[in-house]
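**Q** Take this structure first; my questions come after.
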Amino acid sequence: AEFRGVTAGDFSELMLAIEKLPGTELLGASGVLAKAGALWKTPKPFMLLAGASPDEQMRFDFLRQADELGDMEARAHVGGYYLHLGNSGANKRLGVAKLQEAARAGNSEAMLLLGDAALAGELGGERAPVALDWAAKAAAKGRALIIQGEAKATSAPDEARGLFEEAGEILRRAGEINPKAWFYAAQAAYYGKKPAQMVEALQKGCDAKDPN
């Protein structure tokens with residue numbers, strides 16, 4: 001009852017402190033964190049526990065609970081799991097539905113998983129156009145992160161580096177589906193001061209005959 005009196009601001013501050021704990025300590029407090037997440041109806045504790053879990057089934061269980069509380073990153077991972085479970089059409093349909101929900105909410109991981117699924121013929125319809133469309137949407141998210149990174153390059157260089165790194169990861173994966181993303185992957189590497197990645201991205205774009 002006493003815990004219920006904690007304000008949302010207090011809880012957010014506590015979560016920031018908990019995020020800095022080593023994975024072993026997080027897992028050691030998993031029972032308390034899970035209760036806190038359920039009480040406050042917040043997915044954050046479950047996402048932290050999922051990130052710290054070495055066991056795949058335990059990780060999935062935490063992601064599933066975070067998904068139930070509305071976390072779109074968790075929904076993308078859970079959707080990917082069900083899509084590739086492959087033991088029933090119902091699981092596949094559930095996976096696609098979860099991925100589409102997460103993608104519509106702007107989650108780039110879901111967009112890329114849908115692009116991969118389209119190329120593999122798991123979404124029906126014409127494979128290439130659907131795959132290219134999802135990859136293009138993910139690439140747009142990556143390009144937006146580059147712009148954010150540029151804006152923070154002077155005032156918050158560490159944050160900017162993180163944004164360029166995240167953008168590069170998204171754009172490299174998008175490039176495997178839609179070659180137009182390789183140019184922007186090279187751009188992210190340039191701003192992130194990773195010349196080898198920049199050259200590699202440009203080379204892959206040229207190999208795919210991307211006019212950029």
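The values are calculated or read from the model by the stated rules, or taken from the named source; none is laboratory data. Note that the coordinates shown come from a computational prediction; the quantities given were computed from them, not determined experimentally. Backbone-built Cβ (ideal geometry, glycine too); neighbour counts: all protein chains shown. We work out accessible area using only protein heavy atoms, side chains counted, and drop any ligands, DNA or RNA first. Shrake-Rupley method; radii C 1.70, N 1.55, O 1.52, S 1.80 Å.
**Q** If a residue must be under 12 Å from the mean Cα position of the chain (by Cα) and either more than 11 Å from ASN107 (Cβ to Cβ) or modelled with pLDDT under 95 (or both), how many such residues does the range 62-79 contain?
**A** The qualifying residues number 1.
**Q** Only residues in the range 190-203 that are in contact (Cβ under 8 Å) with a residue 12 or more places away in the chain and within 15 Å of GLU166 (Cα to Cα) count as the first member; pair them with residues that are open to solvent by 90 Å² or more (accessible area, probe 1.4 Å) and assigned to a helix (DSSP H, G or I), Cβ under 7 angstrom, at least 6 apart or cross-chain, and list the lot.
**A** These pairs meet every condition: GLY192/ARG161; GLY192/GLU165; MET198/TYR190.
**Q** Consider GLY121 carefully, then state whether it is outside any helix (DSSP H, G or I) and either out of contact with any Leu (no Cβ under 7 Å at 6 or more places or on another chain) or basic (Lys, Arg) (or both).
**A** Numbers: outside any helix (DSSP H, G or I): yes; either out of contact with any Leu (no Cβ under 7 Å at 6 or more places or on another chain) or basic (Lys, Arg) (or both): yes.
Yes.
**Q** Moving on. In the range 137-159, which residue that is among the hydrophobic types (A, V, I, L, M, F, W, C), assigned to a helix (DSSP H, G or I) and open to solvent by less than 50 Å² (accessible area, probe 1.4 Å) is nearest to GLU73 (Cα to Cα)? Show your work before the answer.
**A** Of the range 137-159, the ones among the hydrophobic types (A, V, I, L, M, F, W, C) are 138-140, 144-147, 151, 153, 156.
Still in the list and also assigned to a helix (DSSP H, G or I): 138-140, 144-147, 151.
With open to solvent by less than 50 Å² (accessible area, probe 1.4 Å) added as a condition, the list becomes 138-139, 144-146.
Working: ALA138: 14, ALA139: 17, ALA144: 18, LEU145: 17, ILE146: 20 Å.
The selected residue is ALA138.
**Q** Let me ask something additional. Mind checking which residues of the range 146-163 are over 18 Å from MET198 (Cβ atoms) and not acidic (Asp, Glu)? It would help to see each step written out before you state the result.
**A** Going residue by residue through the range 146-163, those that are over 18 Å from MET198 (Cβ atoms) are 148, 151-152, 154-159.
Across the range 146-163, the qualifying residues are GLN148, ALA151, LYS152, THR154, SER155, ALA156, PRO157.
**Q** Would you tally the residues in the range 20-40 being open to solvent by 80 Å² or more (accessible area, probe 1.4 Å) and at pLDDT below 90? Don't jump to the end; show me each part of the working.
**A** Narrowing the range 20-40 to residues open to solvent by 80 Å² or more (accessible area, probe 1.4 Å): 20, 24-25, 32, 35.
From the residues that got through so far, the ones that are at pLDDT below 90 too are 20.
So the count comes out to 1.
**Q** Then there is this: Which residues, counting only those in the range 62-90, are without any contact (Cβ under 8 Å) to a residue 12 or more places away in the chain, hydrophobic (A, V, I, L, M, F, W, C) and open to solvent by less than 60 Å² (accessible area, probe 1.4 Å)?
**A** The one that is without any contact (Cβ under 8 Å) to a residue 12 or more places away in the chain, hydrophobic (A, V, I, L, M, F, W, C) and open to solvent by less than 60 Å² (accessible area, probe 1.4 Å): ALA90.
**Q** Kindly provide the set of residues from the range 107-128 that are surrounded by fewer than 23 Cβ atoms within 10 Å (Cβ to Cβ), in contact (Cβ under 8 Å) with a residue 12 or more places away in the chain and within 20 Å of LYS180 (Cα to Cα), ordered by number. Give the steps one after another, and end with the answer.
**A** Of all residues in the range 107-128, those surrounded by fewer than 23 Cβ atoms within 10 Å (Cβ to Cβ) come to 109, 116, 119-128.
Filter once more, so that each one left must be in contact (Cβ under 8 Å) with a residue 12 or more places away in the chain: 109, 116, 119, 122-123.
Answer for the range 107-128, where residues must be surrounded by fewer than 23 Cβ atoms within 10 Å (Cβ to Cβ), in contact (Cβ under 8 Å) with a residue 12 or more places away in the chain and within 20 Å of LYS180 (Cα to Cα): GLU109, ASP116, LEU119.
**Q** Name the single residue that is most open to solvent (accessible area, probe 1.4 Å) among those in the range 1-19 being at pLDDT 65 or above and aliphatic (A, V, I, L, M).
**A** LEU16
**Q** Is it true that ALA110 is under 30 Å from ALA90 (Cβ atoms), in contact with a Leu (Cβ under 6 Å, 6 or more places away or on another chain) and modelled with pLDDT of 95 or more?
**A** Working: under 30 Å from ALA90 (Cβ atoms): yes; in contact with a Leu (Cβ under 6 Å, 6 or more places away or on another chain): yes; modelled with pLDDT of 95 or more: yes.
It is true that ALA110 is under 30 Å from ALA90 (Cβ atoms), in contact with a Leu (Cβ under 6 Å, 6 or more places away or on another chain) and modelled with pLDDT of 95 or more.
**Q** To continue, here is another question. Test of understanding: among ARG93, ARG59, ARG104, which residue is on the phi < 0 side of the Ramachandran plot, free of Cβ contacts under 8 Å to residues at least 12 places away in the same chain, open to solvent by 20 Å² or more (accessible area, probe 1.4 Å) and touching a His at 6+ places or on another chain (Cβ under 9 Å)?
**A** ARG59
**Q** Continuing with this model, one more query. Residue by residue through the range 160-193, note down the ones that are open to solvent by 40 Å² or more (accessible area, probe 1.4 Å) and more than 24 Å from ALA110 (Cβ to Cβ).
**A** Residues satisfying the conditions are ARG161, TYR190, TYR191, LYS193.
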